[in-house]
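A short write-up of the structure that comes next.
The values are calculated or read from the model by the stated rules, or taken from the named source; none is laboratory data. As the structure is a prediction and not an experimental result, all values here were calculated from the model. Note that we place each Cβ from the backbone using ideal geometry, even for glycine, and neighbour counts take in every protein chain shown. Ligands, DNA and RNA are excluded from the accessible area calculation, which covers all protein heavy atoms including side chains. Shrake-Rupley method; radii C 1.70, N 1.55, O 1.52, S 1.80 Å.
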Amino acid sequence: KAFFSQEFAGGNVFDGENATFADVQVLGNYCTDADDVFTVKNVSSNGKLTVGVSGGTIVIDNCNVKAMRISGASKIIVKNSTINGYGENRNGDNGGYGMYIIPAGNYELSVLNNTINNCDMHCIAVQANGAGAVEVKGNDFKAWGSATNKTERAAFKIWGDTVLAPTNMSSYNDLGNEAKALVADILANNTFPADLTAIGGTGTQVIFDF
């Protein structure tokens, strides 16, 4: 079974109560103000969890899904959840990303204490349109990049961020100080496979793509 609703407002909580769904789409169409908070928790899905708002904050907590697509909020928190991935060439489905995050304008992003596995493309993909304050800690990145038609897939991919993601980059030295600090912080506070060549796929898996 699938679930769809678009009637949520700021302050609302969608609790899946750990029932198993196919694709789940919950839209906070009435979550519009900067101080609105929309929480989605305890969702279990054999497909994708899609959460969208028109402003405010999204909190995703204790969800177990194949993939996530989160959009429209200026503050996004994803915590205590598991991404199981599709593990096949499904580039058109969520872009092949484990977490596809599309914040609104200048934003805050926290990705905390999640397990991410079996992604055919990137584990976390952030498509920004402003400057972000990004925190990625306590996550276990297990496997990604299994798509056979792509190479150099990353555990953490970000683009469009006016501070963290340079438009022209050929080496690590092209990153600004904020991006270098983010790289160091992610490396120090998350778990990655000891051997990236052992996680599958036909290309070269990497930790970062800016």
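Under a 10 Å cutoff between Cα atoms, tell me which one of A128, A179, A143 has the largest fluctuation in the Gaussian network model of the chain.
Largest GNM mean-square fluctuation: A179.
For Kirkwood radius over Cα pairs in Å, the choices are (1) 19.8; (2) 19.0; (3) 17.0; which was calculated from the structure?
(3)
Express the carbon and sulfur contribution to the solvent-accessible surface of region 119-175 as a percent, rounded to the nearest whole number, probe 1.4 angstrom.
Result for region 119-175: 42 percent of the exposed heavy-atom area is carbon or sulfur.
Solvent-accessible area per residue for the chain at a 1.4 Å probe radius, Å²?
Heavy-atom SASA per residue in the chain reads 43 Å².
Provide, as a two-decimal number, the C-alpha radius of gyration of region 114-191 over 2.2 N^0.38 Å, N being how many residues it has.
1.12
Okay, helix-only estimate at 222 nm for the chain: each DSSP H run of n ≥ 4 adds -39500 (n - 2.57), divide by all residues, round to 500 deg cm²/dmol; what do you get?
Theoretical 222 nm ellipticity from helices: -2000 deg cm²/dmol.
Eight or more residues apart or on different chains, and alpha-carbon atoms under 26 Å: count the Lys pairs in region 34-170 matching that.
Lysine pairs satisfying the spacing and distance rule in region 34-170 number 28.
Evaluate the charge dipole of the chain about its Cα centre and quote only its size in Debye, nearest 20, assuming +1 on the Cβ of each Lys and Arg and -1 on the Cβ of each Asp and Glu.
In debye, rounded to 20, the chain gives about 420.
Angle check, please: helix 177-189 long axis (alpha carbons) against the longest principal axis of the chain (alpha carbons), in degrees 0 to 90, nearest 10.
The answer is roughly 80 degrees.
Which of T151, T39, T115 ends up with the largest GNM mean-square fluctuation for the chain, with Cα atoms connected below 10 Å?
In this elastic network of the chain, the residue with the biggest mean-square fluctuation among T151, T39, T115 is T151.
Can you tell me the relative contact order of region 95-210? Whole percent, Cα pairs under 8 Å, sequence separation 6 or more.
Dividing the mean separation by the residue count of region 95-210 yields 28 percent.
With label points built 7 Å along Cα→Cβ from the Cα atoms of N129 and D15, find their separation and express it in nm.
About 3.4 nm, to one decimal.
What part of the accessible area of region 1-57, given as a whole %, is carbon or sulfur when the probe is 1.4 angstrom?
43
Which residue fluctuates most in the GNM of the chain (Cα springs below 10 Å): E178, E135, E152?
E178
Quick one: which residues, 5+ away or cross-chain, put their amide H under 5 Å from the amide H of E135? H built at 1.01 Å from N.
Amide H to amide H, under 5 Å and 5 or more residues apart or across chains, E135 pairs with L109, S110, V111.
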